[in-house]
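Everything on this sheet refers to the single structure shown next.
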Amino acid sequence: MAEQGSVVVVGGTRAIGFEIVRHYASAGDDVILTGQTAANVAAAVERAADLPGKVTGLTFDLADPVTIRAALEGVGPVRRLALVAIDRDSNTVADYDVTRAIRLATLKLVGFTEVVHVLLDRLTPNASLLLFGGQAKDLPYPGSTTVSTVNGGVEGIVRTLVHEIKPHRVNCLHPGIVGDSPYWESRQAALEATIKRTPTGRLTTMAEIVDAAVFLLENEGMNGVNLKVDGGLHCM
């Protein structure tokens, strides 16, 4: 019999996060998705209403970590936890916005860790966790000062969690540019150079990222892995 417990997707209202919600709810799992605004959460829950699994939503902002414990008060037990949330930040050293930098660093480093802290005693015996970083940690670009630093920090969190919350498994997924993500719909022209440099000759898709995410969450031999999913661009 499958272990009982919910799947929690932090940042599950759109794009890859919502597709992970869809995957598990389609398999009949109870899924809890979270987002920054009540409107986005309600819309995502509505989109998932016809799926076999029950999907419910919670609203909180990872960048305001002192609110996380109260927001997650009614959650548990948890058998899968995916921390997918992201904020975009173009922030160069020459034109540095401290407020934006603090928000992103707090969201992914403090916020991610606080969610794990709050839910730790509600994890089922075979629970697994997945954190999302990003390939900007290895492939920086002008304006990625904060993003590259923070995604490197996420890798560090994963390495420590492997020891601190064992035997629960913890992995990290670092996507490259995802070609069919809604974020890039109006930016296709800017992607041509990346496509030409990618060994596969194309960008990854949301379906491929979700497939990798599910693999890391479900394969019991995977632990402490930082998986790059970018069509081989990191080899160039």
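FYI, it's all coordinate maths here, none of it is from the lab. Just so we're clear, the structure is a prediction, and the values are computed from it rather than from any experiment. Positions of Cβ are backbone-derived with ideal geometry, glycine not excepted, and every protein chain shown enters the neighbour counts.
Some notes on this structure:
- Charged side chains reduced to their Cβ positions (Lys and Arg at +1, Asp and Glu at -1) give the chain a dipole of some 280 debye around its Cα centre.
- Karplus-based coupling profile of region 204-221, in residue order and whole Hz: 6, 10, 4, 4, 5, 5, 4, 4, 5, 4, 5, 4, 5, 6, 9, 6, 6, x, with θ = phi - 60° in 6.51 cos²θ - 1.76 cosθ + 1.60 and x standing for Gly or Pro.
- The residue list L120, A136, I20 was ranked by how far each Cα lies along the charge dipole of the chain toward its positive end, using unit charges on Cβ atoms, and A136 comes out on top.
- By the beta-carbon count within 10 Å of each Cβ, the least crowded to most crowded order of H23, H234, fewest first, is H234, H23.
- Neighbourhood net charge (12 Å Cβ-Cβ; Lys/Arg +1, Asp/Glu -1) for H23: -2
- Its alpha carbons give region 1-139 an Rg and a Dmax of 15.4, 57 Å.
- In straight-distance terms, cross-link reach from K228 covers every one of the lysines whose alpha-carbon lies under 22 Å from its own, apart from those fewer than eight places away in the same chain; here that gives K108, K137, K196.
- From the coordinates of this entry, P(r) over Cα pairs in 10 Å bins from 0, in percent is computed, and it appears in (1) 7, 25, 27, 20, 13, 7, 2, 0; (2) 8, 28, 29, 18, 11, 5, 1, 0; (3) 8, 32, 39, 18, 3, 0 under the label (3).
- Fewest-first ranking of C235, C172, using other Cβ atoms within 10 Å as the exposure measure: C235, C172
- Local electrostatic count at P125 - Lys and Arg +1, Asp and Glu -1, tallied over other residues with Cβ under 10 Å: 0
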